[in-house]
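Undergrad: Could you have a look at this structure, given as structure tokens, before my questions?
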Amino acid sequence: EPEVTQTPSHQVTQMGQEVILRCVPISNHLYFYWYRQILGQKVEFLVSFYNNEISEKSEIFDDQFSVERPDGSNFTLKIRSTKLEDSAMYFCASRDMGQGRTGELFFGEGSRLTVL
Amino acid sequence: KNQVEQSPQSLIILEGKNCTLQCNYTVSPFSNLRWYKQDTGRGPVSLTIMTFSENTKSNGRYTATLDADTKQSSLHITASQLSDSASYICVVSATDSWGKLQFGAGTQVVVTP
């Protein structure tokens, strides 16, 4: 069964360092997302991406965050200068456009980011 | 403010028993409601998706209901199994968004032998 894959599974970084989280969405999907979940809290939307541009973003997704689809398979989330409060599990998701707004989002297993 | 509230926060049930989880939402304009299962440290996995015109949907031993008038949903788990131990999350989407899902805090279900 096709799946969304994310790397790394866990990254530890020092405050102020740049981090890139990588995702390989399901191959025929056209909509891509990043969500995050701080330990013990709700999953929160960060950004959606379609047709090589951001289609929607949350207040969390400030200038320190960026997304990119550098090639036909990868989708990345970059945090330029990490803060302690960026420590969270980051989930990538993708969706096929075929079912419109009710289309299922497939989530990856997440990348746990720990900022020290 | 668009919100999704779930109850109970947690529950413990005996293997083989049934349980029902509740979800109330204020997300508007409403597009669809989803129930996800999330194992500890894993990504959410979709169980059901319902639009405003659907009032019940089943996926194996999971049955979700939706009352779009009262903005309430429930997830019923029948004949629980140990593998059902997980967080069950109610997630709502607005019509003006193509993927900005509003997640509830989840109900942590523990199934004991």
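The values are calculated or read from the model by the stated rules, or taken from the named source; none is laboratory data. Computed from a predicted structure; not experimentally measured. Every residue, glycine among them, receives a Cβ derived from its backbone with ideal geometry; neighbour counts consider all protein chains shown.
Undergrad: Take the range A:65-82 and flag every residue that is surrounded by fewer than 17 Cβ atoms within 10 Å (Cβ to Cβ), of a type outside the set (D, E, K, R), without any contact (Cβ under 8 Å) to a residue 40 or more places away in the chain and touching a strand residue (DSSP E or B) at 6+ places or on another chain (Cβ under 6 Å).
TA: If the condition is that a residue be surrounded by fewer than 17 Cβ atoms within 10 Å (Cβ to Cβ), of a type outside the set (D, E, K, R), without any contact (Cβ under 8 Å) to a residue 40 or more places away in the chain and touching a strand residue (DSSP E or B) at 6+ places or on another chain (Cβ under 6 Å), then A:SER66 is the only one that fits.
Undergrad: Filter the range A:35-57 down to the residues that are within 7 Å of chain B (Cβ to nearest Cβ) and either within 14 Å of A:LEU77 (Cα to Cα) or basic (Lys, Arg) (or both) and list them by number.
TA: Matches in the range A:35-57: A:LYS42, A:PHE45, A:SER48.
Undergrad: In the list B:PRO8, B:PRO29, which residue meets the criterion of being exposed (fewer than 15 other Cβ atoms within 10 Å of the Cβ) and either over 23 Å from B:GLN108 (Cβ atoms) or of a type in the set (A, V, I, L, M, F, W, C) (or both)?
TA: After ruling out the rest, the residue left standing is B:PRO29.
Undergrad: In the range A:60-116, what residues are over 11 Å from the mean Cα position of the chain (by Cα), more than 8 Å from chain B (Cβ to nearest Cβ) and among the acidic types (Asp, Glu)?
TA: Of everything in the range A:60-116, those that are over 11 Å from the mean Cα position of the chain (by Cα), more than 8 Å from chain B (Cβ to nearest Cβ) and among the acidic types (Asp, Glu) turn out to be A:ASP62, A:ASP63, A:ASP71, A:GLU85, A:ASP86, A:ASP96.
Undergrad: Same structure again: Restricted to the range A:1-20, and to residues that are within 22 Å of B:PHE103 (Cα to Cα) and either more than 11 Å from every other protein chain (Cβ to nearest Cβ) or polar (S, T, N, Q) (or both), which residue is surrounded by the fewest Cβ atoms within 10 Å (Cβ to Cβ)?
TA: Going through the qualifying residues, I end up with A:THR5.
Undergrad: Take the range A:71-100 and flag every residue that is outside any loop (DSSP other than H, G, I, E, B), at pLDDT 85 or above and among the small types (Gly, Ala, Ser).
TA: A:ALA88, A:ALA93, A:SER94
Undergrad: I've got another one for you. Within the range B:71-113, track down each residue that is more than 14 Å from chain A (Cβ to nearest Cβ) and buried (at least 22 other Cβ atoms within 10 Å of the Cβ).
TA: Within the range B:71-113, B:SER73, B:LEU75, B:ILE77 qualify.
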